Amino acid sequence: MFARLCFTLTVLLFALAAHAGDLLIENITLLSPERSAPVGHQHVLIRGGRIAAISAQPIAVASGTAKLDGSGKYLSPGLMDSHVHISSVPGLVDEDSAEVRALRKAFIRQQPRSYLYHGVTQLLDPSNYLPAINAFNAQPQKPDLFRCGAVPVLNGYPSVFVSAEHRHQHMPNFLHEPANTDPLPTGTHAEQHTPEAVVAEVKASGALCIKLFIEDGFGDASIWPLARIETLRRVREAAHREGLLVLGHANALDMQQHAVEAGVDVIAHGLWNWTSIDGTEGLPTPIAALNQRIREKNIAVQPTLRVLPGLAALFDANTLSDPAYTRVVPPALLNWYRTPAAQWFKQELKSEVGSDDEQRIYRRQMRIADQAMRALRDLYERGHSMLLASDTPSSPTYGNQPGYNTFQEMQLMAVAGIPLQEIFRAATINNARQFGLEKDYGTIEVGKIANLLVLNANPLASVEHWNAIDQIVLHGIATPRAQFSAMATP
């Protein structure tokens, strides 16, 4: 009798534990990208951090189950931004002072909250620094973070910007081209840096993709070593054998042509640098021809339209007075951005352009940005889908802030003429499928991880409604949006 009573109590306690943390969202309109239209008056039960049931009829739950009234609201999958750099603090100087350390610490704590504030519940960092990955994952509330392994060419972009004594430590999985006469770093050997050896190292690190850097110099410059197409194809073949995708950094016409010839899976930028035909009106024939090849080879594209506007923002007097900054930038860092010391990168750009005319520099950056938007619109009209990817921060500019930059990327996609339904797919199901995450993310279906957004307005009616978030549901736990604001006390 006693044993039977113990068994009954054990079963009861197990049942109570299994239902602890359940969430029932009632009478809400579902927006899921695989559906042709919103579905109203739905009830969604979340259990154990995953979607347990979806019904048009009310769902009976145990007393005490948390409930969220969705009347008049919309439920969407959480967004995925598949191109971010969580190790970079936008615009912060690279020095070791007490002030800078404190600013960096404040940013590290706020960064995941800023992404969540704008509904970004999944991230992909394609060229990361593992200590920063660990610091991000140590935060109590954070988007789910995935990563690639960075594979530059020896002494090529972007490792060329790291001091020679630290390049190997920051980006250890570099490619060695036998034709490259640069000496190998002390303690390394050529056989450790073949395509096959590098891919094996990246696979062992737990990454789900490889990021190649197909960049021989900004603009028309050709000053950095570039991997041969044959070498890049060996990387692709080794990566595919290991089940890894290959992303290629390329934003210029000639570099994207190189990437297409190499057969990358994803081009990690939009096409804004048109090299010798820069400044041409309309859509030049070489751009159209490249887009057609991308379409034919079914290469995914990350538009990263915010790269150039993020630079231009340094020359816009209204940038730091944008109310959105107060919600995603720690107050101390926002105050620092207003100091003369924070204008260091702006001064570098002025020197590079050879002009102090800030309005001229602003117009130049936006003209180049317009080329990327025209190229993207043409790609869409050819029937090609795309991925939401903001490249946050694309450079040392405070014009690319986490979360907000993702929302601004979606706004620019709409300005470029991409329909709202396609933007929705780019931010959810397209990213999930491209990176092999569709089992857990991308749609509202039973069994998937409950990373969801409760919105006060329909984002399929206006892209601005992606900024009308009421609650963020992260692994089944609903949090009011305001709690993720930089103005809120964690």
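Would you tally the residues in the stretch 167-195 being closer than 30 Å to L123 by Cα and either of a type in the set (K, R) or exposed (fewer than 15 other Cβ atoms within 10 Å of the Cβ) (or both)?
2
Being at pLDDT below 95 and touching a His at 6+ places or on another chain (Cβ under 9 Å): is that true of G64 here?
Values: at pLDDT below 95: yes; touching a His at 6+ places or on another chain (Cβ under 9 Å): yes.
Spelling it out, G64 is indeed at pLDDT below 95 and touching a His at 6+ places or on another chain (Cβ under 9 Å).
If you go through the stretch 234-245 one residue at a time, do you hit one that is part of a strand (DSSP E or B), touching a residue at least 24 places away in the same chain (Cβ under 8 Å), buried (at least 22 other Cβ atoms within 10 Å of the Cβ) and not acidic (D, E)? Working first, answer last.
Within the stretch 234-245, the first condition is being part of a strand (DSSP E or B), and the residues that meet it are 245.
In the following step, the residues that additionally are touching a residue at least 24 places away in the same chain (Cβ under 8 Å) were identified as 245.
Subsequent filtering for residues that are buried (at least 22 other Cβ atoms within 10 Å of the Cβ) retains none.
No, the stretch 234-245 contains no residue that is part of a strand (DSSP E or B), touching a residue at least 24 places away in the same chain (Cβ under 8 Å), buried (at least 22 other Cβ atoms within 10 Å of the Cβ) and not acidic (D, E).
Can you name the residue in the stretch 430-450 that is not hydrophobic (A, V, I, L, M, F, W, C) and not in a loop (DSSP other than H, G, I, E, B) and, of all such residues, is nearest to G119 (Cα to Cα)?
Taking the stretch 430-450 as the starting set, the residues that turn out to be not hydrophobic (A, V, I, L, M, F, W, C) are 430-431, 433-434, 436, 438-443, 445, 447-448.
Filter once more, keeping what is not in a loop (DSSP other than H, G, I, E, B): 430-431, 433-434.
Numbers: N430: 17, N431: 15, R433: 19, Q434: 20 Å.
Once the filter is applied, the top-ranked residue is N431.
Kindly provide the set of residues from the stretch 261-289 that are within 18 Å of V153 (Cβ to Cβ) and of a type in the set (V, I, T), ordered by number.
Correct list: V264, I267.
Scan the stretch 456-479 and tell me whether some residue there is more than 17 Å from L31 (Cα to Cα) and hydroxyl-bearing (S, T, Y).
Yes, the conditions are met somewhere in the stretch 456-479.
Given the criterion touching a residue at least 12 places away in the same chain (Cβ under 8 Å) and of a type in the set (G, A, S), identify the matching residue among A332, A317.
A332
Among the residues of the stretch 410-429, is there at least one that is assigned to a loop (DSSP other than H, G, I, E, B) and in contact with an Asp or Glu (Cβ under 8 Å, 6 or more places away or on another chain)? Give the derivation first.
Quick first cut of the stretch 410-429, residues assigned to a loop (DSSP other than H, G, I, E, B) only: 416-419, 428.
Next, from what is left, pick out any that are in contact with an Asp or Glu (Cβ under 8 Å, 6 or more places away or on another chain): none.
Scanning the stretch 410-429, I find no residue that is assigned to a loop (DSSP other than H, G, I, E, B) and in contact with an Asp or Glu (Cβ under 8 Å, 6 or more places away or on another chain), so the answer is no.
Among the candidates A56, A52, which residue alone is farther than 18 Å from T406 by Cα, in the same structural domain as A478 (by TED's automatic domain parsing) and either within 17 Å of the chain's Cα centre (by Cα) or buried (at least 17 other Cβ atoms within 10 Å of the Cβ) (or both)?
A52
Quick grid of which residues meet (1) at pLDDT 95 or above; (2) closer than 20 Å to N273 by Cα; (3) of a type in the set (K, R); (4) surrounded by fewer than 21 Cβ atoms within 10 Å (Cβ to Cβ):
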residue	(1), (2), (3), (4)
D356	no, no, no, yes
D370	yes, yes, no, yes
E381	yes, no, no, yes
S385	no, no, no, yes
S390	yes, yes, no, no
P393	yes, yes, no, no
E409	yes, yes, no, no
V415	yes, yes, no, yes
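Does the stretch 110-117 contain any residue that is touching a helix residue (DSSP H, G or I) at 6+ places or on another chain (Cβ under 9 Å) and closer than 20 Å to L314 by Cα?
Filtering the stretch 110-117 for residues touching a helix residue (DSSP H, G or I) at 6+ places or on another chain (Cβ under 9 Å) gives 110-117.
Filter once more, keeping what is closer than 20 Å to L314 by Cα: none.
No, the stretch 110-117 has no match at all.
Can you tell me which condition L453 does not meet? The list is (1) within 14 Å of E34 (Cβ to Cβ); (2) part of a strand (DSSP E or B), and all the others hold.
That leaves (1) as the condition not met.
Just wondering, is there one or more residues in the stretch 256-267 that are polar (S, T, N, Q), touching a His at 6+ places or on another chain (Cβ under 9 Å), touching a residue at least 24 places away in the same chain (Cβ under 8 Å) and assigned to a helix (DSSP H, G or I)?
Yes, the stretch 256-267 contains a residue that is polar (S, T, N, Q), touching a His at 6+ places or on another chain (Cβ under 9 Å), touching a residue at least 24 places away in the same chain (Cβ under 8 Å) and assigned to a helix (DSSP H, G or I).
Mind listing whichever residues of the stretch 268-279 are part of a loop (DSSP other than H, G, I, E, B), modelled with pLDDT of 95 or more and more than 21 Å from A414 (Cβ to Cβ)?
Residues satisfying the conditions are A268, W274.
All but one of (1) in contact with a strand residue (DSSP E or B) (Cβ under 9 Å, 6 or more places away or on another chain); (2) under 24 Å from H85 (Cβ atoms); (3) not in a helix (DSSP H, G or I) hold for K203; which doesn't?
(3)
The values are calculated or read from the model by the stated rules, or taken from the named source; none is laboratory data. None of these values were measured; they are calculated from a predicted model. Methodologically, a virtual Cβ is constructed for each residue, glycine included, from the backbone with ideal geometry; neighbour enumeration extends over all protein chains shown.
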